[in-house]
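A short write-up of the structure that comes next.
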Protein chains: 2
Amino acid sequence: MSALRAAGAARPAVAQSLSAGVAQRPFGTAGAMRMAAVKSFHKDEPAAPILKTKFPGPKAVEALKELDDVFETRSVNMMADYTQSEGNYIADPDGNMLLDVYAQIASIPVGYNNPELRKVAQTPEMVDAIINRPALGNFPSHTWAGVLKSGILKVAPKGLNNVYTAMAGSDANEIAYKAAFMYRRQQERGGPDIDFTPQEIESVMNNQAPGSSQLSILSFKSSFHGRLFGCLSTTRSKPIHKLDIPAFDWPQATFPQLKYPLDQHAEENAEAEQASLDEVEHLIKTWHLPPAAVVVEPIQSEGGDNHASPSFFQKLRALTRKHNILLIADEVQTGVGATGKFWAHEHWNLQDPPDMVTFSKKAQTAGYYYCSKDLRPNKPYRQFNTWMGDPSKALLFRAIISEIERLDLVKHTAKVGDYLYGQLEGLAGKYPEHFKNLRGKGQGTFIAFDNPKRDEFLNKAKGFGINIGGSGASAVRLRPMLIFQEHHADILIEALEKVAKAL
Amino acid sequence: MSALRAAGAARPAVAQSLSAGVAQRPFGTAGAMRMAAVKSFHKDEPAAPILKTKFPGPKAVEALKELDDVFETRSVNMMADYTQSEGNYIADPDGNMLLDVYAQIASIPVGYNNPELRKVAQTPEMVDAIINRPALGNFPSHTWAGVLKSGILKVAPKGLNNVYTAMAGSDANEIAYKAAFMYRRQQERGGPDIDFTPQEIESVMNNQAPGSSQLSILSFKSSFHGRLFGCLSTTRSKPIHKLDIPAFDWPQATFPQLKYPLDQHAEENAEAEQASLDEVEHLIKTWHLPPAAVVVEPIQSEGGDNHASPSFFQKLRALTRKHNILLIADEVQTGVGATGKFWAHEHWNLQDPPDMVTFSKKAQTAGYYYCSKDLRPNKPYRQFNTWMGDPSKALLFRAIISEIERLDLVKHTAKVGDYLYGQLEGLAGKYPEHFKNLRGKGQGTFIAFDNPKRDEFLNKAKGFGINIGGSGASAVRLRPMLIFQEHHADILIEALEKVAKAL
């Protein structure tokens, strides 16, 4: 393994790297100098991508071969060297450094090797949390309430002030679904004080009704909510996620398929949204396993960056309220700032908040927020597991929140997102066939467009210094970190234009 | 929050604590001195429990009240102070220190505030892993193969040399089940090169056959395999785990209910085991959703510490092989040394290993081991999620393995388990009504007995300096750490006798 660099040690100046045997040189001198003149939030990152080899380089190939003996490698996009990655730039073992607008599938919030996170990772509190991991439901630390209040709950969505912690987005959604089922059955029974019947207690051990409820979660076509058995039954993005896995017979409604640019298709889009809402209501009324909750992403992320209007979500909230169905906002990918709001559902301007909001990814921990104590099951041990989350990750999220506040990164991302969107509009005007259905205006840097040769587009981008991801069938999705700045946007735009020309 | 103690700082001598206003003094001076003369693996732990208040003490009550505002507290057993916990002793905010033979539901392997783990938690490699968490399936570090080979795979069960990493026991089981379903359907199709049909690809998006398979996982009555929707469908320990949650209609076989002492019920027990195997075979042949795998715990842990003989497991292996069903050994609670073998299924002496072995808890990370590359799905992205485990936890497990090797803790646990079992036999002879069905002979410290007033037994134990847990309807289960020694066993036995007398 390569030697680890001490925190804060300076990287050799990029200009030197560039003049010392760079295999490819994607950015003109003028461009690089313009970039270098702008101050990055992350002072040790290079001023521009560094390309030393083709992809994958010889060291990456070797590391990949070694890994393939023992671990799944067919989904590997690139081998990374995290000790050398900095800020917005991901390094590989061959010395390449790419501007990373994919960011570990949208899960790196404040940059690689963030110095503030590094400090927190070295505190006695963090070390303690790592080596003494508690069973949080049974033996919480006396400091756990403080950790929650100063971190996870400090950024709780408006109206929601309780949290169940979890490990990742998938189990966060599953425990939210469990809460919905328990809540619904409790209502049907007549309240929290009504005990289970002997028939329920007996039948549930055979996985049969009435103990096992005959209820469902309603999700939307092309949604993604994770890959465990319950959440996978609500995931509808791609067959490859679901094939061969048993699934619950749960209902799905069509998500509005908006046409772009939005202002040119206002009427059609409004009709599509109303049709979707009508379908939701029809399914709620008629599905043979009644929905206990509707789960929805503010922006369908894995499914292809599909948006809907605030009006759609306001009506969805009203509809679920009308039918006494819970509304779960899955903010696993949209949460924590990237849309220019801390939570993407803030864009909806609801008076009546979602019943639960799930989170993970950029939070580096996971769980769901809720408000009503009715959503706390009527007895203990109904929502329980050994770890119930991880204090060390809660401490990390707290540090991420501090960094977001210190640098005002949510507002920043809203602003830089507007700039980036404007630049992309320029590109789309110039190369309409390569930047189709540009979307995400006013949604921070959570921007996407369609390209008919999408996979080739993504592959070629590395050669121009960019690590970028896709979603759905043909979308190129931008998921930069919250420390992505205008000068990064310039580098990105320059590279995207080169990719388009090279296709 | 109380000030954190630096690593290695000496705790005030226990004798001083004991003479300075201890509210209760559970151990005689002779006992304490005998204990103090024996060297603990963990040099900073007290020689005996320290009791300063009743349970819960005033500071614990206050912390609990604060936590209840924002987090589930009804399952709280005690509030802990991990900064003050040491080795086998868990501290609380009131200054009490209990000998912990529950160990965060069997998940602390080498002691609280283990100095070697503390060192590893402070290494640049760990800090890097914490602050740069990768999407392992897409962007693994070039060092990931090395981390796996020097840690998780170094202790791979015999015959299994591949691993899929996960977050906790529940998702480890679920991804093992997914692998079983994909494997079975691949066989039915005629091999990995046969592609999905258009009907499969279309139907799966509606959660219908043939794309969603009509298969099952066979588990045993009173088993526990986790609480997500798939694994909960195989969990059969308690109604409270399952009530109101939709479940798959999967089959369950009776787990042999052995009578104790084993040598006095050899014939009956053999019959019970054969009856169970016959039921398994019947279910495999007849269940309307054919099982793709059988999942079994080497010792049913949450379900009440239910054992079966090596012969039973050998025959179960043969039966599953005969019917081309995969065998999954769920070692989430039994794994990593506590039974006196690194993996409890080593006690079975199989020639033909289980197809998959799942792990978590004492490993502090999770996943499943497997051998056949056929269990690697035929295409990428079928077994995938953003994080796919956590390198920081893999590093922690590697450090735990080092510590186990350095102190030879598996052999040690086999030996101290024999000693502890002998002492418990003595107690059972003296108080037969309080130590019923003593079990776990030759299984390290993985020992249990039944008590008719079990919950009261557990509660009272704190007053005598012991933190101890239960399982099933009436079992007291011992789950000490691997650094539990004979002098701890003496303290435990003395306390258990006092509890029994006080009931």
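The values are calculated or read from the model by the stated rules, or taken from the named source; none is laboratory data. Predicted, not measured: the structure shown is a model, and the values here were computed from it. Ideal geometry is used to build each Cβ from the backbone, glycine not excepted, and the neighbour counts take in all protein chains shown. These area figures cover heavy atoms from the full protein model, side chains too; ligands, DNA and RNA do not enter into them. Shrake-Rupley method; radii C 1.70, N 1.55, O 1.52, S 1.80 Å.
From the list A:Leu492, A:Leu458, pick out the single residue that is within 25 Å of A:Thr339 (Cα to Cα) and free of Cβ contacts under 8 Å to residues at least 40 places away in the same chain.
On inspection, the qualifying residue turns out to be A:Leu458.
Would you check which residues across the range A:24-41 are surrounded by 18 or more Cβ atoms within 10 Å (Cβ to Cβ), at pLDDT below 95 and part of a loop (DSSP other than H, G, I, E, B) and list them? Even if it seems obvious, please write down each step before you answer.
First, pick out the residues of the range A:24-41 that are surrounded by 18 or more Cβ atoms within 10 Å (Cβ to Cβ): A:26-27, A:32, A:35, A:40-41.
Still in the running and at pLDDT below 95: A:26-27, A:32, A:35, A:40.
Hits for the range A:24-41 are A:Pro26, A:Phe27, A:Ser40.
If I ask for residues that are open to solvent by less than 10 Å² (accessible area, probe 1.4 Å) and either touching a helix residue (DSSP H, G or I) at 6+ places or on another chain (Cβ under 6 Å) or of a type in the set (A, V, I, L, M) (or both), which ones from the range A:93-102 would you list?
We begin by selecting, within the range A:93-102, every residue open to solvent by less than 10 Å² (accessible area, probe 1.4 Å); these are A:96-101.
Selection gives A:Met97, A:Leu98, A:Leu99, A:Val101.
Residues that are of a type outside the set (Asp, Glu), open to solvent by 10 Å² or more (accessible area, probe 1.4 Å), within 30 Å of A:Gln383 (Cα to Cα) and at pLDDT 95 or above: does the range B:191-204 have at least one?
Initially, the range B:191-204 is screened for residues of a type outside the set (Asp, Glu), giving B:191-192, B:194, B:196-199, B:201, B:203-204.
Filter again for open to solvent by 10 Å² or more (accessible area, probe 1.4 Å), leaving B:191-192, B:194, B:196-199, B:201, B:203.
Adding the requirement that they be within 30 Å of A:Gln383 (Cα to Cα) leaves none.
Within the range B:191-204, not a single residue is of a type outside the set (Asp, Glu), open to solvent by 10 Å² or more (accessible area, probe 1.4 Å), within 30 Å of A:Gln383 (Cα to Cα) and at pLDDT 95 or above.
Give the range B:402-411 a look and list any residue that's surrounded by fewer than 21 Cβ atoms within 10 Å (Cβ to Cβ) and not charged (D, E, K, R), or say none.
B:Ser402, B:Leu407
Please verify whether B:Leu319 is more than 15 Å from the chain's Cα centre (by Cα) and assigned to a helix (DSSP H, G or I), treating the condition exactly as stated.
Criteria met by B:Leu319.
If a residue must be open to solvent by 20 Å² or more (accessible area, probe 1.4 Å) and of a type outside the set (Lys, Arg), how many such residues does the range A:156-170 contain? Explain how you work it out, then say what you get.
First, the residues of the range A:156-170 that are open to solvent by 20 Å² or more (accessible area, probe 1.4 Å): A:156, A:158-159, A:161, A:167, A:170.
Okay, now just the ones that are also of a type outside the set (Lys, Arg), so A:156, A:159, A:161, A:167, A:170.
Here the count works out to 5.
In the range B:61-84, which residue that is more than 7 Å from chain A (Cβ to nearest Cβ) and assigned to a helix (DSSP H, G or I) is surrounded by the fewest Cβ atoms within 10 Å (Cβ to Cβ)?
This residue is B:Lys65.
Regarding A:Ile105, is this residue crowded, with 21+ Cβ neighbours inside 10 Å, of a type in the set (Val, Ile, Thr), at negative phi and modelled with pLDDT of 95 or more?
So A:Ile105 does not fit the description; no.
Where residues in the range B:205-227 are touching a strand residue (DSSP E or B) at 6+ places or on another chain (Cβ under 7 Å) and polar (S, T, N, Q), which of them is most open to solvent (accessible area, probe 1.4 Å)?
Of everything passing the filter in the range B:205-227, B:Ser222 is most open to solvent (accessible area, probe 1.4 Å).
Is it fair to say A:Glu188 is part of a helix (DSSP H, G or I), under 21 Å from A:Ile325 (Cβ atoms) and among the acidic types (Asp, Glu)?
yes
Hey, can you tell me all the residues within the range B:270-306 that are assigned to a loop (DSSP other than H, G, I, E, B) and surrounded by fewer than 22 Cβ atoms within 10 Å (Cβ to Cβ)?
B:Trp287, B:His288, B:Leu289, B:Pro290
Step by step: first the residues of the range A:123-133, then only those that are within 7 Å of chain B (Cβ to nearest Cβ) and in contact with a helix residue (DSSP H, G or I) (Cβ under 6 Å, 6 or more places away or on another chain), then the one that is nearest to A:Asp44 (Cα to Cα). Which residue is that?
A:Val127
Can you tell me which residue is nearest to A:Asp490 (Cα to Cα) among those in the range A:426-440 that are of a type in the set (Lys, Arg) and surrounded by fewer than 18 Cβ atoms within 10 Å (Cβ to Cβ)? Talk me through it step by step, then tell me what you get.
Within the range A:426-440, the first condition is being of a type in the set (Lys, Arg), and the residues that meet it are A:430, A:436, A:439.
Then keep just the ones that are surrounded by fewer than 18 Cβ atoms within 10 Å (Cβ to Cβ); that gives A:430, A:436.
Working: A:Lys430: 16, A:Lys436: 20 Å.
The selected residue is A:Lys430.
I'm trying to understand the selection: among the residues of the range B:198-240, which are more than 7 Å from every other protein chain (Cβ to nearest Cβ), part of a helix (DSSP H, G or I) and among the small types (Gly, Ala, Ser)?
Result: B:Ser203, single match.
Any idea which residue in the range A:241-259 is farthest from the other protein chains (Cβ to nearest Cβ), counting only those that are closer than 21 Å to A:Leu326 by Cα and open to solvent by 10 Å² or more (accessible area, probe 1.4 Å)?
So the first thing to find is which residues in the range A:241-259 are closer than 21 Å to A:Leu326 by Cα, and the list is A:248-256.
Narrowing further to those that are open to solvent by 10 Å² or more (accessible area, probe 1.4 Å): A:248-249, A:252, A:254.
On the way: A:Phe248: 6, A:Asp249: 6, A:Gln252: 7, A:Thr254: 12 Å.
The selected residue is A:Thr254.
Answer yes if at least one residue in the range A:260-269 is closer than 18 Å to A:Ser237 by Cβ and surrounded by 16 or more Cβ atoms within 10 Å (Cβ to Cβ), and no otherwise.
So far as the range A:260-269 goes, no, none of its residues is closer than 18 Å to A:Ser237 by Cβ and surrounded by 16 or more Cβ atoms within 10 Å (Cβ to Cβ).
So, in the range A:136-163, exactly how many residues are within 7 Å of chain B (Cβ to nearest Cβ) and outside any loop (DSSP other than H, G, I, E, B)?
Summing the residues that are within 7 Å of chain B (Cβ to nearest Cβ) and outside any loop (DSSP other than H, G, I, E, B) in the range A:136-163 gives 8.
Could you list all residues from the range A:194-215 that are more than 38 Å from the chain's Cα centre (by Cα) and in contact (Cβ under 8 Å) with a residue 60 or more places away in the chain?
The answer is none; no residue qualifies.
Name the helices (runs of 4 or more DSSP H) wholly inside the range A:347-466 in which the number of residues that are farther than 24 Å from A:Thr334 by Cβ and either within 14 Å of chain B (Cβ to nearest Cβ) or touching a strand residue (DSSP E or B) at 6+ places or on another chain (Cβ under 8 Å) (or both) is 1 or more.
Passing ranges, in order: A:391-406, A:454-463.
What's the total number of residues in the range B:173-197 that are more than 8 Å from every other protein chain (Cβ to nearest Cβ) and hydroxyl-bearing (Ser, Thr, Tyr)?
Of the residues in the range B:173-197, 2 are more than 8 Å from every other protein chain (Cβ to nearest Cβ) and hydroxyl-bearing (Ser, Thr, Tyr).
When you scan the range B:386-393, do you find a residue that is crowded, with 21+ Cβ neighbours inside 10 Å, within 18 Å of the chain's Cα centre (by Cα) and of a type in the set (Val, Ile, Thr), even just one?
no
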